[in-house]
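Report on the structure given below.
Laboratory data are not the source of any read-out in this text; all were calculated from the coordinates shown. Values in this document were obtained by computation on a predicted structure and should not be read as measured data. Cβ sites come from the backbone with ideal geometry, for glycine too, and all protein chains shown count toward neighbours.
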Amino acid sequence: MFLALDTSTLTMSLALVERGPDGVRVVEHQVVRPPIKQSEALPGVVGELLARHDVKLAALEGLVVGLGPGSFTGLRIGLATVKSLAYAAGLKVAGASSLAAVAMEGPEDVPLFVLAVARKDDLYLGAYGRRGGTVEALEPETAMSPQEVAQRMAAEPRAVALGPALVDYRAALESHGVAPERLLSGHDFPSAVELVRLSRMPETFSLEALFSMEPHYVRASEPERNPKFPPLPGPAPTARLKDD
């Protein structure tokens with residue numbers, strides 16, 4: 001049994017899932033929406049979910065976490081929670097793209113432009129193709145303005161857009177010429193269940209793999225881009241363990 005978590009948007013998705021030769025069976029999928037804060041809900045909701053099904057943390061086969069892109073704070077909260085639980089119980093951990101998880105719920109055989117909210121009125125864009133129970137990235141995930149997204153969709157007339165950003169940016173995209181029927185509704189957060197379907201769990205528990213797992217920010221955070229806070233001298237810090 002696997003526990004999966006996505007905190008890349010303000011809506012948290014948490015799932016307890018069994019995975020076998022016949023696919024995935026959802027034991028429970030819990031969605032925690034605003035105004036509840038993820039920092040206040042975690043890790044308590046994890047313990048409550050496990051307790052409802054009489055499952056001990058150490059009995060899980062592994063943990064799965066959404067790596068973004070999305071809210072910088074949300075991604076840090078989710079990954080810190082999963083790393084802490086994995087370290088405490090010696091559990092294997094796998095990560096998957098939050099945008100790819102949304103694409104898993106999109107239509108097949110058309111280009112899917114999955115959109116999430118970024119800072120400075122930009123949008124994260126992940127271009128995917130879905131066929132059956134898998135998705136394929138058509139290009140690297142990136143960030144761009146709503147106008148640039150509209151231009152991309154004009155250049156790819158078969159593409160449809162979906163994802164959390166459409167809650168707030170549907171009108172902006174339509175104002176830039178995107179037809180309403182190309183903006184799909186109902187996909188306002190990445191599903192933790194789909195993360196399990198996407199994930200590739202390592203064979204064994206590894207501290208090095210655990211601490212080297214990082215969110216996929218796509219672009220630098222505001223402090224990293226701010227010239228008032230120049231980078232520290234010396235090699236860039238990492239989460240990896242030292243060889244010695």
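So how far, in whole Å, is the C-alpha centre of region 35-91 from the one of region 154-193?
The distance from the Cα centre of region 35-91 to that of region 154-193 comes to 29 Å.
Could you give the Stokes-Einstein D for the chain in µm² per second, using the C-alpha Kirkwood radius, 4 °C, 1.567 mPa s?
69 µm²/s
Which percent of Cα-Cα pairs in region 106-182 sits in each 5 Å bin, short to long?
The distribution over region 106-182 is 3, 17, 30, 28, 15, 6, 1, 0, given as percents.
How far apart, in nanometres, would the label points at Asp121 and Glu136 be if each is projected 7 angstrom from Cα along the Cα-to-Cβ direction?
Label at Asp121, label at Glu136, 3.7 nm between them.
Report the net charge of residues surrounding Gln38, where surrounding means a beta-carbon distance below 12 angstrom and charges are Lys +1, Arg +1, Asp -1, Glu -1.
For residues surrounding Gln38, the net value is +1.
Residues of region 105-132 with amide nitrogen under 19 Å from the 7 Å Cα-to-Cβ point of Arg158?
105-114, 126-132
What angle, in degrees between 0 and 90 and rounded to the nearest 10, separates the Cα long axis of helix 166-175 from the longest principal axis of the Cα atoms of the chain?
20 degrees
Select from Pro35, Pro107, Pro180 the residue whose mean-square fluctuation is largest in a Gaussian network model of the chain (Cα-Cα springs shorter than 10 Å).
Highest fluctuation among the options: Pro35.
Select from region 168-214 those GluC sites (Glu not before Pro) which occupy a DSSP coil region and have at most 16 other Cβ atoms within 10 Å, ordered by residue number.
Those that pass, being in a loop and sparsely packed, are Glu203.
Could you work out the Rg to Rh ratio of region 65-210, with Rh taken as the Kirkwood radius (inverse of the mean 1/r over all Cα pairs)?
The Rg/Rh ratio comes out at 1.02.
Starting from the Cα-Cα distance between Glu18 and Ala179, subtract it from 0.36 nm times their residue separation and give me the gain in nm to one decimal.
54.0 nm
Could you tell me the calculated FRET efficiency between Arg33 and Thr204, based on Cβ-Cβ distance and R0 = 30 angstrom, to the nearest 0.05?
0.25
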